[in-house]
Amino acid sequence: MSVEIIAEHVNPLLGRKDAKLIVHHEGSGTPDRLTIRKIASDHFKTQQDKVYVRSVQTRTGGSSAVCQVEIYNDSKLADKMVPAYIKNRNLPKEQRVSRKKGAEEEKPAAAAPKPAAPEKKAEPAKPAPAPAKESKPAPAKESKPAPAETKTPAKPEGKPAAKPESKPAAKPPAKPDAKPKA
């Protein structure tokens with residue numbers, strides 16, 4: 001593999017050097033970020049922990065990759081400046097933090113609102129003691145609103161259920177209106 005430097009810019013405010021490289025990789029696939037990081041650190045004669053690969057782009061079927069690399073003067077400054085996802089991409093695969101772990105943590109959080117719905121059902125039961133003076137009509141009223149409340153949240157939660165309701169409501173009024181006009 002050979003390296004060409006297309007552009008190089010020193011950024012003293014951020015304490016880094018921005019470089020655009022072309023890595024020629026004939027006869028093999030696009031090099032991974034670790035390989036590019038090692039090549040850049042060897043070329044600029046610095047430590048690998050100060051070099052971060054921002055992007056790697058290869059044209060379809062091409063044998064050269066255009067890479068954007070940042071070379072920091074200080075590794076502590078690099079830790080502050082480089083976003084976490086870029087640091088993660090520049091690590092070996094076995095050391096990377098995967099998104100799957102974050103998605104698993106979100107699933108229990110999504111389960112928390114489901115128990116909140118039964119609490120809402122418990123709230124209508126509290127007003128029941130007030131009409132308890134009329135013992136016979138009160139239980140009948142409670143049984144009717146409870147199923148209505150159960151059905152109402154089910155409709156907004158199910159997206160497909162909301163769409164078919166709006167479509168049939170629009171079609172019947174359009175047909176009767178169209179017939180008298182014609």
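Of the set (1) exposed (fewer than 14 other Cβ atoms within 10 Å of the Cβ); (2) farther than 20 Å from residue 10 by Cα, all apply to residue 47 but (2). Just wondering, is there one or more residues in the stretch 8-17 that are among the acidic types (Asp, Glu) and surrounded by 13 or more Cβ atoms within 10 Å (Cβ to Cβ)? Yes, there is a match, as at least one residue in the stretch 8-17 is among the acidic types (Asp, Glu) and surrounded by 13 or more Cβ atoms within 10 Å (Cβ to Cβ). The one condition from (1) of a type outside the set (Asp, Glu); (2) under 20 Å from the mean Cα position of the chain (by Cα); (3) at pLDDT 90 or above that residue 97 does not meet is (3).
Residues that are farther than 21 Å from residue 32 by Cβ and either surrounded by fewer than 12 Cβ atoms within 10 Å (Cβ to Cβ) or in contact with a Ser or Thr (Cβ under 8 Å, 6 or more places away or on another chain) (or both) within the stretch 80-103 comprise 80, 101, 102, 103, listed in sequence order. If the condition is being hydroxyl-bearing (Ser, Thr, Tyr), over 15 Å from residue 2 (Cα atoms) and either not in a strand (DSSP E or B) or not assigned by TED's automatic domain parsing to the domain that holds residue 13 (or both), then the stretch 57-74 contributes only 60.
The values are calculated or read from the model by the stated rules, or taken from the named source; none is laboratory data. Just so you know, these numbers come straight off a predicted model, no measurement behind them. For neighbour counting, all protein chains shown are included, and Cβ atoms are generated from backbone atoms with ideal geometry for every residue, glycine included.
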